[in-house]
1. So, THR9, is that one of a type in the set (S, T, N, Q), part of a helix (DSSP H, G or I), modelled with pLDDT of 95 or more and farther than 24 Å from GLU169 by Cβ or not?
2. So, in the stretch 86-121, how many residues would count as being surrounded by fewer than 17 Cβ atoms within 10 Å (Cβ to Cβ) and outside any helix (DSSP H, G or I)?
3. For the stretch 69-85, enumerate the residues that are part of a helix (DSSP H, G or I) and surrounded by fewer than 19 Cβ atoms within 10 Å (Cβ to Cβ).
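The values are calculated or read from the model by the stated rules, or taken from the named source; none is laboratory data. Fair warning: this is a prediction, and the values are worked out from it, not measured in the lab. Positions of Cβ are generated from backbone atoms using ideal geometry, with glycine treated the same way; all protein chains shown enter the neighbour counts.
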Amino acid sequence: MNGHSRQKTRNQIEEWMMSALLLLMKEKPFREIKITEVVDRAQLARCTFYRYYKSKEELLMRCCESIFEELAASMFMGDHHTFYRTALAYFSFWLEHREFFDLLQESNMLYFFMQSHDELMFRVAKEVKPENAEKGGFDFSPKVRYHFFFGMGGFWGMANRWLLHGCKESPEELAQYVVAYLVESYELEPGCQYYDKHKAYPYAPCYIRLENEF
């Protein structure tokens, strides 16, 4: 078997095991799931599981990584060259993957996801900007690192609250709230470049004119 075929087989096996675990999480709490149940549902041998993973927690982490890989891929699709479009893509992604979030919440495993959130988001950032692919989190300047954590903390804080409370607002509304927050921040800092040039703020607070996105 050549390298390409081996990788394809590995990917298929991982997909089967991840799918089996997520199906079982719909039926019972994560902590009650046995590895034997995972391999039986995936129709694989127990030794195959241990060839790839040391524990069911490691398999769940692979599920989380897979979600963030999809997030990275989604950021390449469409026009995300404005802040509003980027925010819209982010919230739309989590709405589409709400079931995964709900499974973690119902299994009391959301904390597990949160423990690795920052590192997984760093991976997304590297995918979106491949020139940074060789960098680790502490290879960036303190300014870049803390800007990143400030932004990601805010985005995820909104998404987390939104998902927990049933996604009552649309992704478009959430994206507008994010931009409105930045607009209102301009009012606290009238020396910003946009104000200096136009003698006005880019949007009225809480209202976004899409033709004037930034």
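1. Against the criterion (of a type in the set (S, T, N, Q), part of a helix (DSSP H, G or I), modelled with pLDDT of 95 or more and farther than 24 Å from GLU169 by Cβ), THR9 does not qualify.
2. 3
3. Passing the criteria: GLU69, GLU70, ALA72, ALA73, SER74, PHE83, ARG85.
The rows are residues; the columns are (1) surrounded by 12 or more Cβ atoms within 10 Å (Cβ to Cβ); (2) not assigned by TED's automatic domain parsing to the domain that holds LEU104.
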position: TRP16; (1), (2): yes, yes
position: LEU24; (1), (2): yes, yes
position: ARG31; (1), (2): no, yes
position: ILE35; (1), (2): yes, yes
position: CYS64; (1), (2): yes, no
